[in-house]
Amino acid sequence: MEIEKLSEHEKFADFNKKMINMIISEARQLAIKEMLPTQELRDEGCVFENGTVKVPESFHKFYELHRKGDWLAMSDDPDECGGGGMPHTLSLVANEFFTGGNLSFMLYNGLTHGAAKLVGHFGTEEQKRLYLKKMMSAEWAGTMLLTKPEAGSNVGALITSAKKNDDGTYSITGNKIFISGGEHNLTENIIHPVLARIEGAPAGTSGISLFLVPKYRVNQDGSLGEFNDVVCTGIEEKIGLHGNSTAS
Ligand SMILES: Cc1cc2nc3c(=O)[nH]c(=O)nc-3n(C[C@H](O)[C@H](O)[C@H](O)COP(=O)(O)OP(=O)(O)OC[C@H]3O[C@@H](n4cnc5c(N)ncnc54)[C@H](O)[C@@H]3O)c2cc1C
């Protein structure tokens, strides 16, 4: 696809043909040597126990390799969030190897990346400061909490409620189901973007707001605070992706 032509632009000047080939070959090696073996063990599946979810043991080692290689945010902005700044087309090539290596595993990272992008585009300055780099570096994971027992396609029917507190925060109450990577032991914190309706807001989609709900609250210095009452009540079967926790 002549990706190397992108290096004619100042933004991608570092990504000449040699560099591109090196990145692709690294991703391929990692996927075949380290990731594929975890795929063969995927039927181990996740285990739900007392509100926690254990991912297959083999996932932990690869998560660290993938994290330390800075593969999660390879095409994101280096200054804004510590990303690798490579052309998106190139990251698609690398991710094709990783997705082939183990789809169940990659769903954790895919969800984290999506949630981090959301914070980067729409978060407040404080949210960006506290969450963006930790999510983009895969130190913390991310999810998306839309689906409820009473609202799947019909998102506007959701009744998850948000009550404003005196300090400007909100207390969110509700149940969500089918949440990919909703609970697991790969990271010390999981950041959940949650759809909810502020008390008194109109019915339907126009009355829905989006909240950032960390599993553990985050102190102003970025350290972990107290448990935020995000309780996992179980995991579900989902089209054979046993290594990816689908949580309620
Ligand atoms: C692999 C996978 C991963 C997922 N991960 C997440 C996640 O991370 N976070 C999350 O929040 N959710 C997640 N979900 C849930 C997903 O968003 C919902 O399954 C989806 O929104 C559909 O909702 P539902 O299952 O309740 O089906 P329903 O909304 O009940 O739909 C059932 C059927 O009815 C049809 N239908 C629905 N409404 C209408 C209508 N008005 N007119 C005509 N036909 C209609 C649909 O097309 C479908 O065929 C995941 C689902 C899957 C399969």
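Observations on the structure shown:
- Ala115 vs. criteria open to solvent by less than 20 Å² (accessible area, probe 1.4 Å), among the small types (Gly, Ala, Ser) and outside any helix (DSSP H, G or I): no
- Residue match in segment 169-183 (condition: out of contact with any Lys or Arg (no Cβ under 9 Å at 6 or more places or on another chain), open to solvent by 50 Å² or more (accessible area, probe 1.4 Å), among the hydroxyl-bearing types (Ser, Thr, Tyr) and more than 16 Å from the ligand (Cβ to nearest atom)): yes
- Only a single item in (1) open to solvent by 20 Å² or more (accessible area, probe 1.4 Å); (2) modelled with pLDDT of 95 or more; (3) part of a helix (DSSP H, G or I) is not met by Gly100, and it is number (2).
- Count of segment 185-224 residues, restricted to those that are in contact (Cβ under 8 Å) with a residue 60 or more places away in the chain, touching a Gly at 6+ places or on another chain (Cβ under 7 Å) and open to solvent by 50 Å² or more (accessible area, probe 1.4 Å), is 0.
- Taken together, Ala201, Ala196 contain a single residue that is touching a Leu at 6+ places or on another chain (Cβ under 9 Å), closer than 23 Å to Leu158 by Cβ and modelled with pLDDT of 95 or more, which is Ala196.
- Segment 44-88, residues that are open to solvent by less than 50 Å² (accessible area, probe 1.4 Å), assigned to a helix (DSSP H, G or I) and either among the hydrophobic types (A, V, I, L, M, F, W, C) or within 18 Å of Phe15 (Cα to Cα) (or both): Phe59, Phe62, Cys81
- Residue check, Gly114 modelled with pLDDT of 95 or more, within 10 Å of the ligand (Cβ to nearest atom) and assigned by TED's automatic domain parsing to the domain that holds Ser209: no
- Considering residues of segment 224-244 that are under 19 Å from the mean Cα position of the chain (by Cα) and more than 10 Å from the ligand (Cβ to nearest atom) only, the residue farthest from Gly181 (Cα to Cα): Leu224
- Every pair of residues 6+ apart whose Cβ atoms lie under 6 Å, when the first sits in segment 145-163 and is outside the structural domain of Ala116 (by TED's automatic domain parsing) while the second is of a type in the set (S, T, N, Q): Gly156/Thr205; Ser161/Thr173; Lys163/Ser171
- Among the residues making up segment 130-168, those that are within 10 Å of the ligand (Cβ to nearest atom) and open to solvent by 50 Å² or more (accessible area, probe 1.4 Å) are Met144, Leu146, Pro149, Glu150, Ser153, Asn154.
- Applying a threshold of 7 Å to beta carbon distances and a minimum spacing of six or more residues, or different chains, the list of pairs starting in segment 25-38 at a residue that is under 11 Å from Phe105 (Cβ atoms) and ending at one that is hydrophobic (A, V, I, L, M, F, W, C) and surrounded by fewer than 16 Cβ atoms within 10 Å (Cβ to Cβ) reads Glu34/Leu65.
- Hits in segment 191-211 - residues which are under 25 Å from Glu237 (Cα atoms) and either within 12 Å of the ligand (Cβ to nearest atom) or charged (D, E, K, R) (or both): His192, Pro193, Val194, Leu195
The values are calculated or read from the model by the stated rules, or taken from the named source; none is laboratory data. In this text, all values refer to a predicted model and were calculated from it rather than measured experimentally. For neighbour counting, all protein chains shown are included, and Cβ atoms are generated from backbone atoms with ideal geometry for every residue, glycine included. Accessible surface is based on the protein model in full, side chains and every heavy atom, while ligands, DNA and RNA are left aside. Shrake-Rupley method; radii C 1.70, N 1.55, O 1.52, S 1.80 Å.
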